[in-house]
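One structure is given below, encoded as structure tokens.
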């Protein structure tokens, strides 16, 4: 006799509540001048960063706070839109203009965004799954695959893998 395991769909608060929670988070960040609201990833956990992109239609700078973990010099996030339908605006902006800036609890970085693919995506998704055991169930709520977003140091900036930094670029 086989026992079939039924996976219960994870509970999500209503969309309005998710949006309100992130608006409150942004408000706390602003009220405290950025001293509160961002944190580094804890052991086997995630942190938050402030991502500033260029709007794909307006060209204006747009900021959002997202969760991330570190993978070597790269920062990794999920384009999940609160597990709702559609892509988050920040990810659409990065697809149009991949150069962005991030503010971390311990400083700022210039980054270039891309979607992880193939084996890299599988590896990074597994790391997210280790952080959140319900990741696959939440992702199943979306009508399409959730992008794993890699924010790599921008070439020509400190920490970039190309061997140059902003001071070298200014000297040439």
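Some points to look at:
- Residue check, residue 114 in contact (Cβ under 8 Å) with a residue 24 or more places away in the chain, surrounded by 15 or more Cβ atoms within 10 Å (Cβ to Cβ) and out of contact with any helix residue (DSSP H, G or I) (no Cβ under 7 Å at 6 or more places or on another chain): yes
- Segments classed as strands (runs of 3 or more DSSP E), wholly inside the range 7-111, with at least 1 members that are more than 24 Å from residue 125 (Cβ to Cβ) and modelled with pLDDT of 95 or more: 47-54, 61-71, 99-104
- Scan of the range 88-111 for residues that are in contact with a helix residue (DSSP H, G or I) (Cβ under 9 Å, 6 or more places away or on another chain) and surrounded by fewer than 18 Cβ atoms within 10 Å (Cβ to Cβ), ordered by number: 89
- Qualifying residue in the range 122-140 (condition: closer than 19 Å to residue 47 by Cα, in a strand (DSSP E or B) and in contact (Cβ under 8 Å) with a residue 24 or more places away in the chain): no
The values are calculated or read from the model by the stated rules, or taken from the named source; none is laboratory data. Values in this document were obtained by computation on a predicted structure and should not be read as measured data. Note that each Cβ is placed from the backbone with ideal geometry, even for glycine, and that neighbours are counted across all protein chains shown.
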